[in-house]
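The values are calculated or read from the model by the stated rules, or taken from the named source; none is laboratory data. Just so you know, these numbers come straight off a predicted model, no measurement behind them. Neighbour counts are summed over all protein chains in view; Cβ atoms, including those assigned to glycine, are modelled from backbone coordinates with ideal geometry.
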Amino acid sequence: MTNYRLTLAYEGTRYRGWQRQGNTSGSIEEKVGSTLSRILGEDIELHGSGRTDAGVHARAQQASFKTASEMSAEEILSALRQYLPEDIGALSLQEADMRFHARLSAKEKTYVYRIWNSETPCVFRRRWVWVLPDRLDIAAMESAAAQLCGKHDFSSFRTGKSNKSAVRTVTAIELERRDKELWLRFTGDGFLYNMVRILTGTLVEVGQGKRSAGSMGAILEAKNRTAAGITAPPQGLTLWEVRY
């Protein structure tokens with residue numbers, strides 16, 4: 001038995017997200033897992049480093065799986081590249097320690113959210129950005145972002161109810177102008193369902209003057225989704241990096 005670590009890149013536009021949805025097709029996990037099962041001739045249980053929502057992209061999603069096949073990593077990778085669709089790329093495949101698990105072993109993740117912040121029409125990047133021509137107060141957004149860094153209960157920044165702890169540590173939120181785009185880079189030990197998109201939506205509302213930069217503490221203390229801002233659309237979000 002061999003344990004493998006697989007690095008994937010994908011455009012999430014036409015998929016239901018990473019996680020397999022029962023018997024429903026259309027997830028990244030289902031597509032990659034079924035392709036591996038066909039290549040290796042056995043049922044493969046694929047574990048991703050984390051879920052990405054429908055329409056969200058990944059630059060370097062990490063996954064792990066175990067197989068009894070005697071095919072080499074090079075042979076498996078070559079077959080994956082042959083059979084996966086053009087919007088899912090197998091970047092690398094390497095043997096890992098048997099205890100390695102793409103999700104459980106992860107220490108830190110970085111997501112990037114891209115906003116097309118210009119009145120110029122966005123033609124070629126529209127599937128990768130949130131088109132938002134409004135003038136944004138970047139200094140106010142940076143002030144608010146600083147207050148969201150650290151170890152907090154992020155219940156106000158997640159969708160749905162869960163018995164699992166909402167405490168996470170966000171180590172950095174960085175804003176960067178890139179020509180007509182504004183990039184928001186989020187790094188932390190883990191993120192709740194829709195958390196990055198809600199953080200983005202809340203910071204954008206600060207930039208629009210719809211809420212004050214100093215209100216972040218009150219939002220965190222509320223521990224209620226209604227206290228935070230909108231959920232930014234999925235296409236602007238990319239899973240950028242996973243660290244172990």
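Numerical summary
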{"item": "Enumeration of residues in region 163-222 that are among the polar types (S, T, N, Q) and under 22 Å from the mean Cα position of the chain (by Cα)", "result": "ASN163, SER165, THR169, THR171, THR187, ASN194, THR200, THR202"}
{"item": "Selected residue [in contact (Cβ under 8 Å) with a residue 40 or more places away in the chain and either assigned to a strand (DSSP E or B) or within 22 Å of ARG126 (Cα to Cα) (or both)] from ALA60, ALA79", "result": "ALA60"}
{"item": "Check on ARG197, under 23 Å from TRP130 (Cα atoms) and in contact with a Pro (Cβ under 8 Å, 6 or more places away or on another chain)", "result": "yes"}
{"item": "Filtered residues of region 102-121 (kept if assigned to a loop (DSSP other than H, G, I, E, B), more than 15 Å from the chain's Cα centre (by Cα) and either touching a residue at least 60 places away in the same chain (Cβ under 8 Å) or crowded, with 18+ Cβ neighbours inside 10 Å (or both))", "result": "SER105, ASN117, SER118, THR120"}
{"item": "Given (1) in a loop (DSSP other than H, G, I, E, B); (2) modelled with pLDDT of 95 or more; (3) surrounded by 17 or more Cβ atoms within 10 Å (Cβ to Cβ), number of the condition GLU86 does not satisfy", "result": "(3)"}
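Residue-wise test of (1) touching a residue at least 12 places away in the same chain (Cβ under 8 Å); (2) over 18 Å from PRO85 (Cα atoms); (3) not aliphatic (A, V, I, L, M).
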site: LEU8; (1), (2), (3): yes, no, no
site: GLY12; (1), (2), (3): yes, no, yes
site: THR35; (1), (2), (3): yes, no, yes
site: GLY41; (1), (2), (3): yes, yes, yes
site: GLY48; (1), (2), (3): yes, yes, yes
site: ASP53; (1), (2), (3): yes, yes, yes
site: LYS66; (1), (2), (3): yes, yes, yes
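Listed here are the residues, each with its yes/no results for (1) in contact with a Lys or Arg (Cβ under 8 Å, 6 or more places away or on another chain); (2) at positive phi; (3) modelled with pLDDT of 95 or more.
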| site | (1), (2), (3) |
| --- | --- |
| THR159 | yes, no, no |
| LYS164 | no, no, no |
| GLU176 | yes, no, yes |
| VAL196 | no, no, yes |
| SER215 | no, no, yes |
| PRO233 | yes, no, yes |
